[in-house]
Amino acid sequence: MSDRFEAVLITRDEDKNQSVDFVQMTEDDLMDGDVTVAVEASTVNYKDGLAITGAAPVVRRFPMIPGVDFAGTVIRSSHPDWYAGDKVILNGWGVGETHYGAYAGRARVSGDWLVPLPQDMSSREAMAIGTAGYTAMLCVMALQRHGISPDRGPVIVTGASGGVGSVAVSLLAKLGYEVVAVTGRMSEEDYLKGLGAREIIPREELSGAGRPLGKERWAGGIDAVGSHTLANVLSMTCYGGAVAACGLAQGMDLPATVAPFILRGISLLGIDSVMAPKSLRLEAWRRVSKDLDRDKLSSLSADISFRDVIAAGKDIVAGRVRGRLVIQM
Ligand code: NDP
């Protein structure tokens, strides 16, 4: 019999009441896959919080081990790309939603889902970046593909003290952009300026119903919040600009008009990290390892123990987490 390891398991009773607990498992309990990984580090993303609390239907198969991302070492593989000892990262692909996820000592997954850990990066650093940071990089890449260069003007980041936001602010600042950070926590002004934000806007300025078009204020945006905030960001984007939308912390709705698109030629760039093709993932991890200041990464991430993961899931949904949380297994 395989060695036992600890895992977080979400279960549901006949009345669909969800519970979450720590359990002992063996490799025999894992789902099918051609690569088995010793999980070394994971993290708590907003989606993990939704899964743990059941606040949104993230988990689509019960029981489920949550955790949408991990970094670790391959123990055994029958996949042609991977060998025992390889250091790997996994983000998304339904892991922690339909396939057993990261909050366990071991994971068994498809080798097609894995990317190599960048050479100069530790498992801890990879998970300090995590899915939130890799998504922030996808957003920056989308803006750059659209021609939003630093000379075009400021770039606004919403949900700035959160995981996606903190990494986005740091990346943009390092790349020479003037960053405008939107936060509901004005107490985090020093933190955000330390990451490189030039201007801080209080959340209330953008979170209510706005006008179809406002004064042109920024060349681009990275939005982790959705709803009225995204509508207002679009309405104040300069002619020809673009906004990368990746999140829904305020809401899934988009109460906007077409005015920014048809009168100012604004583009709304949709960002999905879960099913992103491998070539884009490899590029994002290569870029994030080069473009993210490691001192900033330390200042925006904190370690928690595996036993704290359930409480941390509740905290992130309640908007109480700053930056990124790393779990070292
Ligand atoms: P965090 O909770 O770390 O960050 C979200 C931030 O949004 C909060 O820290 C807060 O920032 C702000 N916020 C929270 N509630 C509200 C509200 N009601 N109104 C306005 N702002 C609010 O989450 P992540 O950074 O991990 O994820 C951010 C979003 O991106 C989530 O919706 C997540 O699901 C999504 N996401 C999407 C991905 C994709 O592939 N498209 C991948 C990864 C994440 P502050 O306190 O500074 O205002």
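The values are calculated or read from the model by the stated rules, or taken from the named source; none is laboratory data. Remember, predicted model here, so these are calculated numbers, not experimental data. Cβ sites come from the backbone with ideal geometry, for glycine too, and all protein chains shown count toward neighbours.
General remarks:
- Check on R217, among the charged types (D, E, K, R), surrounded by 14 or more Cβ atoms within 10 Å (Cβ to Cβ) and away from the ligand (no atom under 16 Å from the Cβ): yes
- Criterion (in contact with a helix residue (DSSP H, G or I) (Cβ under 9 Å, 6 or more places away or on another chain), modelled with pLDDT under 95 and either among the aliphatic types (A, V, I, L, M) or assigned by TED's automatic domain parsing to the domain that holds V167 (or both)) met by exactly one of A249, A245: A249
- If you check V274, V326 for being closer than 19 Å to A168 by Cα and surrounded by 15 or more Cβ atoms within 10 Å (Cβ to Cβ), only one passes: V326.
- Exclusive hit being assigned to a strand (DSSP E or B), closer than 21 Å to D303 by Cα and not assigned by TED's automatic domain parsing to the domain that holds S161, set A71, A51: A71
- Lone qualifier among E189, E199 - being surrounded by fewer than 18 Cβ atoms within 10 Å (Cβ to Cβ) and within 13 Å of the ligand (Cβ to nearest atom): E189
- Single residue of the stretch 9-46 satisfying the filter (among the aliphatic types (A, V, I, L, M), in a strand (DSSP E or B) and touching a helix residue (DSSP H, G or I) at 6+ places or on another chain (Cβ under 6 Å)) that is surrounded by the fewest Cβ atoms within 10 Å (Cβ to Cβ): V20
- Filtered residue count, the stretch 4-20, keeping only those that are free of Cβ contacts under 8 Å to residues at least 24 places away in the same chain and on the phi < 0 side of the Ramachandran plot: 6
- Yes/no for D120 being out of contact with any Asp or Glu (no Cβ under 9 Å at 6 or more places or on another chain) and modelled with pLDDT under 95: yes
- For the stretch 75-84, the count of residues that are in contact with a helix residue (DSSP H, G or I) (Cβ under 9 Å, 6 or more places away or on another chain) and of a type in the set (D, E) is at least one.
- First in the stretch 143-168 and more than 19 Å from R287 (Cβ to Cβ), second anywhere and away from the ligand (no atom under 16 Å from the Cβ) and among the acidic types (D, E), Cβ under 9 Å, 6 or more apart: G153/E178; G153/E216; P154/E178
- Residue count, the stretch 154-199 (criterion: of a type in the set (D, E), over 18 Å from V233 (Cβ atoms) and touching a strand residue (DSSP E or B) at 6+ places or on another chain (Cβ under 9 Å)): 2
- Screening A256, A245 for residues that are touching an Asp or Glu at 6+ places or on another chain (Cβ under 6 Å), more than 30 Å from Q119 (Cβ to Cβ) and within 16 Å of the ligand (Cβ to nearest atom) leaves exactly one candidate, A245.
- Of A128, A104, all but one fail to be buried (at least 24 other Cβ atoms within 10 Å of the Cβ), modelled with pLDDT of 95 or more and touching a Lys or Arg at 6+ places or on another chain (Cβ under 9 Å); the exception is A128.
So that you can scan it fast, the table gives a plain yes or no per residue for (1) of a type in the set (F, W, Y); (2) over 17 Å from V288 (Cα atoms); (3) touching a Ser or Thr at 6+ places or on another chain (Cβ under 9 Å); (4) surrounded by fewer than 19 Cβ atoms within 10 Å (Cβ to Cβ):
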residue: T73; (1), (2), (3), (4): no, yes, yes, yes
residue: S78; (1), (2), (3), (4): no, yes, no, yes
residue: N91; (1), (2), (3), (4): no, no, yes, no
residue: P116; (1), (2), (3), (4): no, no, no, yes
residue: S123; (1), (2), (3), (4): no, no, yes, no
residue: G133; (1), (2), (3), (4): no, no, yes, no
residue: A136; (1), (2), (3), (4): no, no, yes, no
residue: P150; (1), (2), (3), (4): no, yes, no, yes
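- Condition met for G220 (in contact with a Leu (Cβ under 9 Å, 6 or more places away or on another chain) and touching a residue at least 24 places away in the same chain (Cβ under 8 Å)): yes
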